[in-house]
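Trainee: Got a structure here, written out as structure tokens. Questions coming.
A short reminder: the numbers here are calculations on the coordinates, not readings from a lab. Computed from a predicted model, the values in this text were never measured in an experiment. Note: ideal-geometry Cβ built from the backbone for every residue, glycine included; neighbour counts use all protein chains shown.
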Amino acid sequence: MNLDFSDDQKFLQSEAQKFLEKEQSLQRSRSVLDAQQALDIDLWQKIIAMGWTGIRIPEQYDGLGLGHLELCVIAEELGRSLAPVPFSSSVYLFTEAIIKFASNEIKQDLLPKLVNGECIGTVAITEQLLAPTAQNINTTAVNNAVSGTKIAVPDAGIATHVIVVCNGETGIELRLVELGDECSIQKQDTIDDSRGHFSIDFNNASSQLLGDQGEGWTLLQNLLDQAAVMFSFEQIGGAQAALDMATSYAQQRFAFGRAIGSYQAIKHKLADMYIKLTLAKSNSYYGAWALSTESVELNVAAATARVSATQAFDYCSQENIQTHGGNGFTWEYDCHLFYRRAKLLSLNVGSLATWKEKLIHGLEKAQPANVNQGV
């Protein structure tokens, strides 16, 4: 089992990091937050020009035709720089769903538009302040018309299309809707408004079915497993940046004539951050391997990666603030930007509790039936 990236993939990651540093992605995130904008349009257009939106899209649809591993290394750098762009909702989720579940006609129409930025997509799942299940989806699809309300839909304010999880005539369905007059979109406040979330009211919105009727919930879980691996890389990228920021400050900040990093209390903080991040990296690499090889272990690997990466980013973002002392709580320092993003990403594609439950169920299913539980 190879849990490392190839030289070409590492080169791609290095170039992505250089590009985002040159474009001052972190400063752009602060500017978007200050100005209460939906995204940084200039950075998004440059990312499109780099071809990142077409990484997974086959060459016949003008994409690069690369694999999930290339997408993982890009995700890590976007997380490191807190890029204020709709990459996760449009690429990890929407594009993957179109590639996997859409008809040839839909692919021919949308995939080239996703590559050139003409189309931005998202996925609408949640309806209430409870974890979505196959039993509590109330949005309906009748005669190809979608009606109902979804909340906390990422990047819906700038999206052109949305995949809606609906209750159809034979069970849960995934429905493709083009956002227009039949859809009412309202901004919702979140802890990180540099990645906007919205509610959408669907009033008999025209739709197209993705996949087979009644198979929507199974397809959704498969899509979320894939996305969880991408999100885990985005989270470890953010956690790494928070650790680097805390380490740099500890080396430069002096108290009582010594760098604070020389004190045992700070050393232990940084060491704990490093340990949690290293564990999350290992689990994320396992998830990337399972995803790229289409392993039957994907559900367990994805849940493992998601849980550990969520915990690592949350911990590192908090300890980064603590390491900075009083400065860490100010608006002028960037610590709060990482804390905001950590909290936001911890809820995208399901909460930490949801993924812990998925991990437990996945391990139970993988348990051999003849294992002696008393041993």
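Trainee: What 222 nm value per residue comes from the helices of the chain, counting each DSSP H run with n ≥ 4 as -39,500 (n - 2.57) and dividing by all residues, nearest 500 deg cm²/dmol?
Mentor: Values: 11 runs with 187 residues, N = 375.
So the helix-based figure for the chain works out to -16500 deg cm²/dmol.
Trainee: Would the range 261-326 count as rounded, prolate or oblate if I go by the C-alpha gyration tensor, calling it rounded below 1.5 in a/c and otherwise prolate when a/b exceeds b/c, oblate otherwise?
Mentor: Because a/c hits 1.5 or more and a/b exceeds b/c, the range 261-326 counts as prolate.
Trainee: Between residue 116 and residue 254, what's the calculated FRET efficiency when r is the beta-carbon distance and R0 is 56 Å? Round to 0.05. Kindly include the intermediate steps, with their values, before the conclusion.
Mentor: Values: r = 51 Å, r/R0 = 0.92.
Rounded to the nearest 0.05, the efficiency is 0.65.
Trainee: With only alpha-carbon pairs counted, each pair once and no self-pairs, how large is the Kirkwood hydrodynamic radius of the range 206-303 in angstroms?
Mentor: It works out to 16.3 Å.
Trainee: If you put +1 on each Lys and Arg Cβ and -1 on each Asp and Glu Cβ, how big is the dipole of the range 248-365 around its Cα centre, in Debye rounded to 20? Show your work: numbers first, answer last.
Mentor: On the way: 13 positive and 9 negative charges, 52 e Å.
Computed about the Cα centre, the dipole is about 260 debye.
Trainee: I need to check one value: relative contact order of the chain, counting alpha carbon pairs closer than 8 Å and at least 6 residues apart, in percent.
Mentor: Numbers: 677 pairs, mean separation 57.5, N = 375.
Value for the chain: 15 percent.
Trainee: What is the distance, in nm, between label points placed 7 Å from the Cα along the Cα-to-Cβ direction at residue 10 and at residue 322?
Mentor: Taking the simple label geometry, residue 10 and residue 322 are separated by 3.4 nm.
Trainee: So how compact is the range 217-366: Cα radius of gyration and Dmax in angstrom?
Mentor: Gyration radius and largest Cα-Cα distance of the range 217-366: 17.1, 60 Å.
Trainee: Say each of residue 104 and residue 129 gets a label point 7 Å from the Cα, pointing the same way as Cα to Cβ; how far apart are those two points in nm?
Mentor: 4.9
Trainee: On to the next question. Charges on Cβ only, +1 for Lys and Arg, -1 for Asp and Glu, centred on the Cα centroid of the chain; of 19, 89, 310, which one is farthest towards the dipole's positive end?
Mentor: 310
Trainee: About the Cα centre of the range 93-141, how large is the charge dipole given +1 on each Lys and Arg Cβ and -1 on each Asp and Glu Cβ? Please answer in debye to the nearest 20.
Mentor: My answer is approximately 80 debye.
Trainee: Under 20 Å from a label point 7 Å along Cα→Cβ of residue 365: give me every residue in the range 279-309 with its amide N that close.
Mentor: Answer for the range 279-309: 284, 286-308.
Trainee: Right, here's the next one. What's the angle, to the nearest 10 degrees (0 to 90), between helix 68-80's Cα axis and the longest principal axis of the chain?
Mentor: Tilt of helix 68-80: around 50 degrees.
Trainee: Also, I was wondering about something else. Pulled fully out, how much extra length does the chain show between residue 212 and residue 45, if you take 0.36 nm times their separation in residues and subtract their Cα-Cα distance? Walk me through the numbers on the way to the answer.
Mentor: Details: separation 167, 0.36 × 167 = 60.12 nm, distance 3.45 nm.
Stretched fully, the residue 212-residue 45 segment lengthens by 56.7 nm.
Trainee: Please report, to two decimal places, log10 I(q)/I(0) for the range 7-97 at q = 0.11, 0.13, 0.19 Å⁻¹ as given by the Debye formula with identical point scatterers on the Cα atoms and no solvent.
Mentor: The calculated log intensity ratios at q = 0.11, 0.13, 0.19 Å⁻¹ are -0.30, -0.42, -0.87.
Trainee: For residue 272 and residue 347, what is the calculated FRET efficiency with R₀ set at 25 Å and r taken between the beta-carbons, to the nearest 0.05?
Mentor: Values: r = 24 Å, r/R0 = 0.95.
Calculated value: 0.60.
Trainee: Cα gyration tensor of the range 106-184, axes a ≥ b ≥ c as square roots of the eigenvalues: rounded (a/c below 1.5), prolate (a/b > b/c) or oblate?
Mentor: prolate
Trainee: Moving on to the next point. Just flag the chymotrypsin sites (Phe, Trp or Tyr not before Pro) in the range 165-263 sitting in loop per DSSP whose Cβ has no more than 13 other Cβ atoms within 10 Å.
Mentor: In loop regions of the range 165-263 (DSSP not H, G, I, E or B), the sparsely surrounded chymotrypsin sites (Phe, Trp or Tyr not before Pro) are 256.
Trainee: Only Cα pairs under 8 Å and at least 6 apart count here; give the relative contact order of the range 7-97 as a rounded whole percent. Intermediate values should be presented prior to the final figure.
Mentor: Working: 79 pairs, mean separation 33.4, N = 91.
This gives 37 percent for the range 7-97.
Trainee: What shape does the chain take by its C-alpha gyration tensor, where a ≥ b ≥ c are the square roots of the eigenvalues and a/c under 1.5 counts as rounded, a/b above b/c as prolate, and the rest as oblate? Before the final figure, lay out each step's value.
Mentor: Working: a/c = 1.67, a/b = 1.39, b/c = 1.21.
Prolate, since a/c reaches 1.5 and a/b exceeds b/c.
Trainee: Mind putting a number on the dipole of the chain about its Cα centre? Charges go on the C-beta only, +1 for Lys and Arg and -1 for Asp and Glu, and I need it in Debye to the nearest 20.
Mentor: On the way: 28 positive and 43 negative charges, 272 e Å.
In total the dipole reaches around 1300 debye.
Trainee: Taking only Cα atoms, what is the 0 to 90° angle, nearest 10, from helix 216-252's long axis to the longest principal axis of the chain?
Mentor: 20
Trainee: Which chymotrypsin sites (Phe, Trp or Tyr not before Pro) from the range 273-345 combine a DSSP loop assignment with at most 15 other Cβ atoms within 10 Å?
Mentor: Values: sites: 274, 285, 286, 289, 313, 315, 329, 331, 333, 338, 339; in loops: 331, 333.
Of the chymotrypsin sites (Phe, Trp or Tyr not before Pro), the ones in loops of the range 273-345 whose Cβ has at most 15 other Cβ atoms within 10 Å are 331.
Trainee: While we're on this one: From the Cα trace of the range 48-144, what convex hull volume per residue do you get, rounded to a whole Å³?
Mentor: Numbers: hull volume 13.2 nm³, N = 97.
Per residue, the Cα convex hull of the range 48-144 comes to 136 Å³.
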